[in-house]
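Here the structure comes first, spelled out in structure tokens, and everything after it is commentary.
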Amino acid sequence: MKVAYFDCFSGASGDMILGSMIDAGLSSRGLREELKKLRLPHVFLKVRKVLKGGISATQVIVEGQDEKRHSRSLKEIFQILDRGRLESEVKEKSREVFERIASVEAKIHRRPPEEIHFHEIGGLDSVVDIVGAVWGFRQLEIDKLYVSRVNVGTGFVRCEHGILPVPAPATLSLMKGKPIYSSGVEKELLTPTGAALLTSLGSEFGKMPGMRVEKIGYGAGRDDLPHPNLLRLIIGREEAVAGKEKVMVVETNIDDMNPQFYDYVMERLFGMEVQEVFLTPILMKKNRPATLLTTICPGEKLSSVIDFLISETTTLGLRWREEERSCADREILSLRTRYGKLRFKLAKWEGKMANLSPEYEDCKRLALNQGISIKEVFEEAKRTGMIFREGRYKNQKPRRRQNRPSP
């Protein structure tokens, strides 16, 4: 699996994220061509090499000729995205990032999200940062993004609302549940745009995963600080997951909770980086129908999982035990089919192929983009998988659909 790790020892911002991607191999020319699809003729991307603390890095600056507006509503930003010619997945992910920012701003200012005006991130530079980072993440073909603890800085920052503490309220809300710290530098190191991108693209926060390093990129911040003002991006191949490991199994029986709450509970638990959550229908005493809620998590997560279940569900108690589990070696393969590239999850046990299954999201994307049945895509994936299993796989050119006359 191709993974990446953001080392945020000096925080993160939208331009630092873009800079680190370009420094790690993302084509700046390709990025400029993609940003042209936004149809913003007076916005230019400036990319240059700089030294920060003696380390070579890439700095990205978005320049807007005649751009005097720094405040836009969510509707205006969506209009910019919608009138562009972006890929549907890039557009939707970019909208999602802005929606997350609008949601936390709405809670802070006690106003509906549609009435929120973006100030510091309302300029076109933030639109470019977010769209560029989402596109770049896809171009680098990263399967999973890890993020370190984030240095947020300290002190105060002046903005449209006046003088605010660092981290800014929106930044802090976006990082809820994620590990942050301050090294004592009196500067805003983590911006709202940076926080929104890290939490939208990142899968796990904390320690660096075991990997074989392939590329390293440094994105430069604009300020000169006592330490190198850089965001480090490390890209590599994750070490195969195999063998035995110890896990904690936490269970509770619930018979008096609104069933709609389970969606919220499961989403929050997965956000805590547990390994599995599932529901089982059961019968309790007096033949009352109930639900067995089971959570599988690492040992270090046990305390936080227990606290969450006690406070967020109607349970009066729960039980847990330590178990062992074995996992097959897993990796992601990208195979070309008649309809385009598909990612397959390859599972191996003791060095032998145990399973090969196509990624549903890729099948869905191809079906939607080409206007064909998802069953047809899965059948083609099944055929390609069989050819791969038999050792007869060769790269195929994607199938070109013929224009059909209108009825």
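List of remarks:
- Selection status of ASP125, surrounded by 20 or more Cβ atoms within 10 Å (Cβ to Cβ), at pLDDT below 95 and in the same structural domain as THR193 (by TED's automatic domain parsing): yes
- Qualifying residue in the stretch 229-244 (condition: modelled with pLDDT of 95 or more and either aromatic (Phe, Trp, Tyr) or over 21 Å from the mean Cα position of the chain (by Cα) (or both)): yes
- No other residue among GLY19, GLY25, GLY30 is at pLDDT 95 or above, within 20 Å of the chain's Cα centre (by Cα) and surrounded by fewer than 19 Cβ atoms within 10 Å (Cβ to Cβ) apart from GLY25.
- Lone qualifier among ARG212, ARG232 - being of a type in the set (Lys, Arg), farther than 22 Å from ILE61 by Cα and in the same structural domain as VAL152 (by TED's automatic domain parsing): ARG212
- The strands (runs of 3 or more DSSP E) located wholly in the stretch 308-363 that include 1 or more residues which are buried (at least 16 other Cβ atoms within 10 Å of the Cβ) and polar (S, T, N, Q) occupy 329-337.
- Pairs, first in the same structural domain as THR252 (by TED's automatic domain parsing) in the stretch 278-291, second small (Gly, Ala, Ser), C-beta under 6 Å, six or more apart: ILE282/ALA290; MET284/ALA290
- Applying the criterion of being in contact (Cβ under 8 Å) with a residue 60 or more places away in the chain and exposed (fewer than 15 other Cβ atoms within 10 Å of the Cβ) to the residues of the stretch 79-101, the residue that is nearest to the chain's Cα centre (by Cα) is GLU96.
- Take the conditions (1) within 29 Å of TRP349 (Cα to Cα); (2) at pLDDT 90 or above; ASN258 misses just one of them, which is (1).
- Condition broken by LYS176, with the remaining ones in (1) in the same structural domain as VAL50 (by TED's automatic domain parsing); (2) modelled with pLDDT under 95; (3) not in a loop (DSSP other than H, G, I, E, B) satisfied: (3)
The values are calculated or read from the model by the stated rules, or taken from the named source; none is laboratory data. These numbers were taken from a predicted model, which means no experiment stands behind them. Positions of Cβ are generated from backbone atoms using ideal geometry, with glycine treated the same way; all protein chains shown enter the neighbour counts.
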